[in-house]
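I'd like to ask some things about the structure below.
The values are calculated or read from the model by the stated rules, or taken from the named source; none is laboratory data. The shown structure was predicted, so the numbers you read here are calculated from the model rather than taken from an experiment. Cβ placement follows ideal geometry from the backbone for every residue including glycine, while neighbour counts extend to all protein chains displayed. The area values use the complete protein model at the heavy-atom level, side chains included, leaving out ligands, DNA and RNA. Shrake-Rupley method; radii C 1.70, N 1.55, O 1.52, S 1.80 Å.
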Amino acid sequence: MSKEPVAIVGIGQTKHVAARQDVSMAGLVREAALRALEDAELTWADIDAVVIGKAPDFFEGVMMPELYLADALGAVGKPMIRVHTAGSVGGSTALVAANLVAARVHGTVLTLAFEKQSESNAMWGLSLPVPFQQPLLAGAGGFFAPHVRAYMRRTGAPDAIGSLVAYKDRRNALKNPYAHLHEHDITLEKVQASPMLWDPIRYSETCPSSDGACAMVLTDRAGAARSPRPPAWMHGGAMRSEPTLFAGKDFVSPQAGRDCAADVYRQAGVTDPRRQIDAVEMYVPFSWYEPMWLENLGFAEEGEGWKLTEAGVTELDGDLPVNPSGGVLSTNPIGASGMIRFAEAALQVRGQAGEHQVDGARTAMGHAYGGGAQFFAMWLVGSEPPTT
């Protein structure tokens, strides 16, 4: 029996900020969920199950928060599933929900991811000493900076590439009302003059710490037919993982990322992603990961990713817009960051991205990664139903 086509008919986000002191976790997630339901013109009664995800519980210090969030999400008496795959969790949460619809287990599923980082300190939470593991050296940037430096050595990329990415994404964020950072006075010179945190990563080339939530309503073909607005359709989705450390691991271009992208392309019938995909929402917490992931995902040949960035290909009006929403560099409620990438891709093909809409976008990719570049989740969505 063939899989049920999966449609995205409702999308909701909170306004992402440094601290949402006006709401609890329950209030935060409910806000995003209500906006997704409103977009889909559905009620809590129309939802068959809820799939929720977030990053490690010690970020806020509330263990298994999904147990007390069921009430806020209309999940009392309904199946509720918690997903956790580190920073990629927003993406993998959406994929678990999509698979429930594709397998005809449920007809309509609410999926949601969140983080309330203001109630803890994720940077120091990520600096815990782990036996037999290399130290994170004050935050994730300390872990990933050597991988960026390795990419620069491997490809000969000039120092300015990271600043170009940050400058682009922060300008894109100005067109997105939900983005956390709205730096109206941003200039390339200001990015390049910001303090060096983890060589070669500067302060303005890093993601913020955000409070926020993102929700989507996924449904089957029958549900899509009742949708008041054009849905986005899932054409392919996959997850892959690999260990944090193992002999021969390529930290610059992890095998799991390449395999995940290849599986998504196979499902969607994509043979030339550079030409067949109109927009990419890519998980870029540190600016240098744009050119690195361009190569890992097959948009550029090895060593050529930085040249696309330098040439302006990834600009909002470029040939392959990357992170038209402003991306993780502008908004980072860690648990939700991957789902925001997936949701923003869906907004593009629905033609509902507002000022950061890519003209004529009919196919878009959402991408998330997490852990020590070990967990990957991706989906490809289109404006038309899949053909198979």
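For the pair D263 and T187, what calculated FRET efficiency results from E = 1/(1 + (r/R0)^6), where r is the Cβ-Cβ distance and R0 = 45 Å, to the nearest 0.05?
0.65
Report, for the chain, the % of DSSP beta bridges that are antiparallel, rounded to 5.
Taking every DSSP beta bridge within the chain, about 70 percent pair in antiparallel fashion.
Next question. Among P321, P333, P200, determine the one that fluctuates most according to a GNM of the chain built with springs between C-alpha atoms less than 10 Å apart.
P200
With Cβ to Cβ distances under 13 Å as the rule, what net charge do the other residues near T187 carry (K, R +1; D, E -1)?
Net of charged neighbours comes to +1.
To continue, here is another question. Pairs on different chains or at least eight residues apart, Cα atoms closer than 18 Å: how many lysine pairs in the chain fit?
Within the chain, the lysine pair count is 6.
Rounded to the nearest percent, how much of the accessible area of the chain (1.4 Å probe, protein heavy atoms only) is carbon and sulfur?
So the carbon and sulfur contribution to the accessible surface is 55 percent.
Using a basic spin-label model with each label point 7 Å from the Cα along Cα→Cβ, how many nm lie between Y203 and R149?
2.2 nm
Counting only heavy atoms of the protein chains, get the accessible area per residue of the chain (1.4 Å probe) and round it to a whole Å² value.
On the way: 14710 Å² over 388 residues.
Spelled out: the 1.4 Å probe surface of the chain, per residue, equals 38 Å².
Any idea how far the Cα center of segment 61-93 sits from the one of segment 322-388, in Å?
21 Å
If you don't mind, there's one more thing I want to ask. Given the peptides 93-101, 74-82, 9-17, 27-35, arrange them by the average over their residues of other C-beta atoms within 10 Å, most packed first.
Highest-to-lowest ranking by the protection proxy: 93-101, 9-17, 27-35, 74-82.
Taking the structure as given and computing Rg/Rh (Cα atoms, Kirkwood Rh), which label from (1) 1.13; (2) 0.94; (3) 1.04 fits?
Of the listed options (1) 1.13; (2) 0.94; (3) 1.04, (2) comes from this structure.
Which shape class, rounded, prolate or oblate, goes with segment 241-388 when its Cα gyration tensor gives a ≥ b ≥ c as root eigenvalues, a/c under 1.5 marks rounded, and past that a/b bigger than b/c marks prolate?
In terms of gyration-tensor shape, rounded.
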